[in-house]
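J.: Below: one structure in structure tokens.
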Amino acid sequence: MNSKKPFRNTTFRFPIPILFLFFFATLIHCNKKETVSVLEARDLTEKDNLVEALQKAEEELKQKGDTGELLYIRGWIRYLQKNQKAAKDDFLLCLQLSPDSLDCKRGLGLVYEADKDYTKAETAYREALAISEKHGLDAQAILRENLGNLYLRQNRRKEAAGEFKTSVSLSDRGDAYYGLTLCLMMEGDTEGAITSLEKRQKLHSVSNSLPIVISFQNGVR
């Protein structure tokens, strides 16, 4: 089961219209057995009711103990609240209980990336990627997208573009086309950037992206 959550923060300083092209990471969740309360908490995060969602998650933790599932939910909520230290603690505890938790490894990577600890972030993503095959192509694509974003933060454009290309070759459900488009624009390949967004448009019916690239091409700031 895959659901989407927004990715926070960038380190690049582009004109405001171009910031639109920074994509958002998607939230992977592949466990098959879930409790109703966990689903309720997840619904609340989608509505951005983070305080209420955190309260529900903590109530469940008190009643049932620190299960990996609930630690993951609480860690994700805290990450969205930009409480990185608490989120990292939850993800690390989750991994003590479930060492092969793809979700918690990825969550840890997101926390390290937000803290600009890029080496640890890459390690966490790579560890998650190593166990992602059994979770399907969407999971692999999301992690490739995360790696692409991580490299882009460090201005490692060619590596970033490679990860985004791999991501879109695996699945069209993520936003890797935005990252690939940005890489191409940064390299001066505006035709390639337009082609990339056209593909995204066909897949997701995005109507307002192409004019942004054309404006960039024409020197509009």
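The values are calculated or read from the model by the stated rules, or taken from the named source; none is laboratory data. Since the model is a prediction, treat every value here as computed from it, not as a measurement. Heads up, the Cβs are rebuilt from the backbone with ideal geometry, glycines too, and the neighbour counts pull from every protein chain shown.
J.: Answer yes or no as to whether Asp189 is among the acidic types (Asp, Glu), out of contact with any strand residue (DSSP E or B) (no Cβ under 6 Å at 6 or more places or on another chain) and more than 15 Å from Arg200 (Cα to Cα). If you could, list the steps in order and put the result at the bottom.
T.: Details: among the acidic types (Asp, Glu): yes; out of contact with any strand residue (DSSP E or B) (no Cβ under 6 Å at 6 or more places or on another chain): yes; more than 15 Å from Arg200 (Cα to Cα): yes.
Answer is yes for this residue.
J.: Which of the numbered conditions does Glu145 fail, given that it passes all the others? Conditions: (1) under 20 Å from Ser171 (Cα atoms); (2) without any contact (Cβ under 8 Å) to a residue 40 or more places away in the chain.
T.: Every condition holds for Glu145 apart from (2).
Yes/no matrix, rows are residues, columns are (1) at pLDDT below 85; (2) in the same structural domain as Leu129 (by TED's automatic domain parsing); (3) assigned to a helix (DSSP H, G or I):
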site	(1), (2), (3)
Lys165	no, no, yes
Ser196	yes, no, yes
Lys202	yes, no, yes
Ser207	yes, no, no
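J.: Consider the range 108-144. How many of its residues are among the small types (Gly, Ala, Ser), touching a Leu at 6+ places or on another chain (Cβ under 9 Å) and assigned to a helix (DSSP H, G or I)? Spell out how you get there, then give the answer.
T.: Just the residues of the range 108-144 that are among the small types (Gly, Ala, Ser), to begin with: 109, 114, 121, 124, 128, 130, 132, 136, 139, 141.
Narrowing the set further to residues that are touching a Leu at 6+ places or on another chain (Cβ under 9 Å) leaves 109, 121, 124, 128, 132, 139, 141.
Add one more test, that the residue is assigned to a helix (DSSP H, G or I), and what stays is 109, 121, 124, 128, 139, 141.
Within the range 108-144, residues that are among the small types (Gly, Ala, Ser), touching a Leu at 6+ places or on another chain (Cβ under 9 Å) and assigned to a helix (DSSP H, G or I) number 6.
J.: Name the single residue that is nearest to Lys158 (Cα to Cα) among those in the range 181-192 being touching a residue at least 24 places away in the same chain (Cβ under 8 Å) and in a helix (DSSP H, G or I).
T.: Residue satisfying both the conditions and the ranking: Cys183.
J.: If you don't mind, there's one more thing I want to ask. Filter the range 60-76 down to residues that are over 13 Å from Leu108 (Cα atoms) and either touching a residue at least 12 places away in the same chain (Cβ under 8 Å) or β-branched (Val, Ile, Thr) (or both), then give me how many there are. Steps first, answer last, please.
T.: Pass one, the range 60-76, residues over 13 Å from Leu108 (Cα atoms): 60-70.
Now narrow it down to the ones that are either touching a residue at least 12 places away in the same chain (Cβ under 8 Å) or β-branched (Val, Ile, Thr) (or both): 60-61, 66-70.
Of the residues in that region, 7 qualify.
J.: So Arg13 passes all but one of these: (1) in a helix (DSSP H, G or I); (2) modelled with pLDDT under 90; (3) closer than 26 Å to Arg153 by Cα. Which condition number does it fail?
T.: Among (1) in a helix (DSSP H, G or I); (2) modelled with pLDDT under 90; (3) closer than 26 Å to Arg153 by Cα, the lone unmet condition for Arg13 is (1).
J.: Condition test on Asp172, is it surrounded by 14 or more Cβ atoms within 10 Å (Cβ to Cβ), at pLDDT 75 or above and out of contact with any helix residue (DSSP H, G or I) (no Cβ under 7 Å at 6 or more places or on another chain)? Reasoning before the result, please.
T.: Values: surrounded by 14 or more Cβ atoms within 10 Å (Cβ to Cβ): yes; at pLDDT 75 or above: yes; out of contact with any helix residue (DSSP H, G or I) (no Cβ under 7 Å at 6 or more places or on another chain): no.
It is false that Asp172 is surrounded by 14 or more Cβ atoms within 10 Å (Cβ to Cβ), at pLDDT 75 or above and out of contact with any helix residue (DSSP H, G or I) (no Cβ under 7 Å at 6 or more places or on another chain).
J.: Same structure, new question: Go through Tyr125, Tyr118, Tyr178 for me and flag whichever is aromatic (Phe, Trp, Tyr) and surrounded by fewer than 19 Cβ atoms within 10 Å (Cβ to Cβ). Give the derivation first.
T.: Numbers: Tyr125 fails: surrounded by fewer than 19 Cβ atoms within 10 Å (Cβ to Cβ); Tyr178 fails: surrounded by fewer than 19 Cβ atoms within 10 Å (Cβ to Cβ).
The match here is Tyr118.
J.: For the range 73-87, which positions are out of contact with any Lys or Arg (no Cβ under 9 Å at 6 or more places or on another chain) and under 17 Å from Ala121 (Cα atoms)? Working first, answer last.
T.: Looking only at the range 73-87, we keep the residues that are out of contact with any Lys or Arg (no Cβ under 9 Å at 6 or more places or on another chain), and these are 74, 77, 81, 83.
Selection gives Asn83 alone.
J.: Restricting to the range 129-146, what's the tally of residues that are among the charged types (D, E, K, R) and within 13 Å of Phe164 (Cβ to Cβ)?
T.: Going through the range 129-146, the residues among the charged types (D, E, K, R) turn out to be 133-134, 138, 144-145.
Next cut, within 13 Å of Phe164 (Cβ to Cβ) only: 144-145.
Of the residues in that region, 2 qualify.
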